[in-house]
1. Please indicate, with yes or no, whether at least one residue in segment 192-199 is exposed (fewer than 14 other Cβ atoms within 10 Å of the Cβ) and either more than 22 Å from SER74 (Cβ to Cβ) or modelled with pLDDT of 95 or more (or both).
2. Name the single residue that is farthest from LYS140 (Cα to Cα) among those in segment 171-230 being within 24 Å of the chain's Cα centre (by Cα) and among the hydroxyl-bearing types (Ser, Thr, Tyr).
3. Among the residues of segment 175-190, is there at least one that is among the small types (Gly, Ala, Ser), touching a Phe, Trp or Tyr at 6+ places or on another chain (Cβ under 6 Å) and without any contact (Cβ under 8 Å) to a residue 60 or more places away in the chain?
4. In segment 55-74, which residues are part of a helix (DSSP H, G or I) and either modelled with pLDDT of 50 or more or of a type in the set (A, V, I, L, M, F, W, C) (or both)?
5. Any residue that is at pLDDT below 95 and either part of a helix (DSSP H, G or I) or surrounded by 10 or more Cβ atoms within 10 Å (Cβ to Cβ) (or both) - is there at least one of those in segment 75-82?
6. Which one is least open to solvent (accessible area, probe 1.4 Å), of the residues in segment 200-230 that are basic (Lys, Arg) and part of a strand (DSSP E or B)?
7. Hey, among the residues in segment 83-101 that are surrounded by fewer than 19 Cβ atoms within 10 Å (Cβ to Cβ) and within 34 Å of the chain's Cα centre (by Cα), which one's farthest from GLY181 (Cα to Cα)?
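The values are calculated or read from the model by the stated rules, or taken from the named source; none is laboratory data. Please read all numbers here as calculations on a predicted model, not as lab measurements. Virtual Cβ from ideal backbone geometry, glycine too; neighbours counted across all protein chains shown. We work out accessible area using only protein heavy atoms, side chains counted, and drop any ligands, DNA or RNA first. Shrake-Rupley method; radii C 1.70, N 1.55, O 1.52, S 1.80 Å.
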Amino acid sequence: MHAVRATRILLAVMCVSLGSVVFVTGCGTSGQTPQSLTGVADQESESSAAEISGVEGSESDADQDQTERVTYQSGMEIGAIPMPFEVADVTGPNKGKTLCYRCLYGERPVVGIFVRELDEPTTALIQKIDSEVAAHQAEKLAAFVVMLTDTPAEVKTELEKIASKNQIEHIPFTVFEGTAGPLGYNIKQDASLNVMMWEGVVKANRAWQAGQLKPDEISEVIADTRLMIH
């Protein structure tokens, strides 16, 4: 009887101990805590992903902004030396002559305007540069327009009309035979307008494809022109 009683007591003690273990273990492994940890991990993962995405987005936006700011490239590099070349003069004091304006203007500040077509924005730009040349005679600022064409005889009359209509008096219109342009000037075939400024060496260079010249860019060219003045 004492043995049975002792056995019952032992069983009771074991049950209490086992219950305590289950209770303690249950607090450590209940569904809520692992789910909370997983949720934190998920949130951290999502947060990290969002941060990475945000960084990538920012870099992508920066790349896009940079791409949008990239300008069309054509013509000589800054610091290059313009080589002599001959043109047929259509307007101005040397009308009817074949000469080298690169040679004639020498070390003066010069704006070389190379065109394949004369649309309204390009003509407006030439008008403004003509005004700058008129205003800076004392500083010997000079400029000339070079039409690049395979048919020079056909464009001369049109150039005369444009110069007269727009009262362009200080910039001669000239013709260069060959759409590739003068040797060493590196004017791309799809460049409708290429403005290069030099004073011994190239100081500024801007170019546009057909229909791409904007009013604010005309202002930038004029600003470049004024930087040539001492």
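1. no
2. By that ranking, first place goes to SER192.
3. No, the conditions are met nowhere in segment 175-190.
4. Of everything in segment 55-74, those that are part of a helix (DSSP H, G or I) and either modelled with pLDDT of 50 or more or of a type in the set (A, V, I, L, M, F, W, C) (or both) turn out to be VAL55, ALA62.
5. No; the residues of segment 75-82 include none that is at pLDDT below 95 and either part of a helix (DSSP H, G or I) or surrounded by 10 or more Cβ atoms within 10 Å (Cβ to Cβ) (or both).
6. ARG206
7. For segment 83-101, the residue satisfying everything is CYS100.
Here's the yes/no breakdown for (1) open to solvent by 80 Å² or more (accessible area, probe 1.4 Å); (2) of a type in the set (A, V, I, L, M); (3) part of a loop (DSSP other than H, G, I, E, B); (4) in contact (Cβ under 8 Å) with a residue 60 or more places away in the chain:
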site	(1), (2), (3), (4)
LYS128	yes, no, no, yes
VAL146	no, yes, no, no
GLU154	yes, no, no, no
GLN167	yes, no, yes, no
